[in-house]
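Here's the structure we're looking at; comments come further down.
The values are calculated or read from the model by the stated rules, or taken from the named source; none is laboratory data. Computed from a predicted structure; not experimentally measured. Methodologically, a virtual Cβ is constructed for each residue, glycine included, from the backbone with ideal geometry; neighbour enumeration extends over all protein chains shown.
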């Protein structure tokens with residue numbers, strides 16, 4: 001066959017014909033070149049999660065057919081010709097792409113170490129600060145503050161207080177799985193002594209750990225043991241489900257457990273905390289090895305090198321304008 005021929009005698013690889021520079025850029029920069037099914041388009045969970053958190057008003061509701069009238073996108077009547085069909089998944093993909101390289105604020109850092117190579121101290125905590133993130137005190141404040149009490153939007157100072165979702169890297173080690181956190185439940189909250197807090201942190205530790213005195217934060221005066229759960233929207237949708245509107249996909253909420261000790265001062269201000277094993281079960285979830293790596297909140301879709309309409313730059317598709325993608329989303333939300 002041709003594989004056995006000298007390289008110079010082989011036929012040139014077949015070129016992929018595309019409609020324009022937008023598609024060409026996507027095929028050559030994201031996923032596998034010449035692959036056009038959704039499975040070939042990878043590494044966009046951060047863009048999708050940012051879009052879900054940043055854009056209020058819910059997902060697209062229906063497929064639409066549109067045409068360009070001057071500089072405006074207009075929905076077509078059913079009998080009109082020369083219109084372009086955008087399915088709800090197409091609109092979600094465009095919004096995902098404009099948020100793929102965005103401006104955000106974050107807490108914690110990405111752990112770049114493979115899980116089995118992470119070095120630990122005598123308490124069983126990762127030695128590398130990037131792998132010890134996220135501090136449970138920060139996660140607790142994010143859940144109870146943003147999702148519980150509510151807050152103003154960081155991208156709009158004039159916005160009122162409302163419950164705000166945020167994004168977490170679900171796994172603390174090298175792999176990155178970015179999901180929007182949309183709910184939480186506090187199952188256990190009990191004040192404990194300093195000695196009990198030290199014992200809880202020691203569980204899963206090694207010889208040499210001080211299991212009688214809490215020495216990890218000299219400013220801590222009171223301690224609370226917390227067992228919690230948080231719910232995330234998963235982006236795992238089959239190719240068949242992508243043909244259905246988001247409301248009909250029945251994507252289950254992904255739930256995860258958290259176990260930690262909060263460090264408080266005398267005024268009950270949260271100073272920080274430590275991840276612990278679930279003390280209620282012998283083989284329960286180990287919070288030291290199963291907690292978010294970092295959390296972040298998208299501020300705006302424009303990233304470095306991009307103009308005010310998200311055009312330009314090299315982090316995401318430089319040919320997709322935020323205003324056009326958002327116009328499609330707005331049209332699709334109309335019933």
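What is the residue count in segment 122-152 for residues that are more than 25 Å from residue 164 (Cβ to Cβ) and in contact (Cβ under 8 Å) with a residue 12 or more places away in the chain?
Number satisfying all stated conditions: 9.
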- Message: Any residue at all in segment 320-332 that's surrounded by 15 or more Cβ atoms within 10 Å (Cβ to Cβ), closer than 30 Å to residue 186 by Cβ and either modelled with pLDDT of 95 or more or in the same structural domain as residue 169 (by TED's automatic domain parsing) (or both)?
- Response: no
- Query: Does segment 147-166 contain at least one residue that is within 16 Å of residue 263 (Cβ to Cβ) and either surrounded by fewer than 17 Cβ atoms within 10 Å (Cβ to Cβ) or at pLDDT 85 or above (or both)?
  - Reply: no
- Restricted to segment 54-87 and to residues being out of contact with any strand residue (DSSP E or B) (no Cβ under 8 Å at 6 or more places or on another chain) and under 20 Å from residue 99 (Cβ atoms), the residue surrounded by the fewest Cβ atoms within 10 Å (Cβ to Cβ) is 57
- If you go through segment 115-149, how many residues are more than 17 Å from the chain's Cα centre (by Cα) and over 22 Å from residue 199 (Cα atoms)? 13
- What are the residues in segment 56-76 that are modelled with pLDDT of 90 or more and either part of a loop (DSSP other than H, G, I, E, B) or touching a helix residue (DSSP H, G or I) at 6+ places or on another chain (Cβ under 7 Å) (or both), if any? 59, 60, 61, 62, 63, 64, 66, 73, 75, 76
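Is it the case that residue 43 is closer than 18 Å to residue 23 by Cα and either in the same structural domain as residue 241 (by TED's automatic domain parsing) or in a loop (DSSP other than H, G, I, E, B) (or both)?
Yes.
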- Any residue at all in segment 290-310 that is surrounded by fewer than 19 Cβ atoms within 10 Å (Cβ to Cβ), closer than 30 Å to residue 117 by Cα and modelled with pLDDT under 90? yes
- Query: helices (runs of 4 or more DSSP H) wholly in segment 80-161 with at least 2 residues that are over 30 Å from residue 244 (Cα atoms) - which ones?
  - Reply: 129-132, 136-141
- Query: So residue 269 clears everything in (1) at pLDDT below 95; (2) surrounded by fewer than 16 Cβ atoms within 10 Å (Cβ to Cβ); (3) assigned by TED's automatic domain parsing to the domain that holds residue 173 except one condition, right? Which one?
  - Reply: (1)
- Query: Do we have residue 51 as surrounded by 15 or more Cβ atoms within 10 Å (Cβ to Cβ), assigned by TED's automatic domain parsing to the domain that holds residue 143 and either modelled with pLDDT of 90 or more or assigned to a loop (DSSP other than H, G, I, E, B) (or both) here?
  - Reply: no
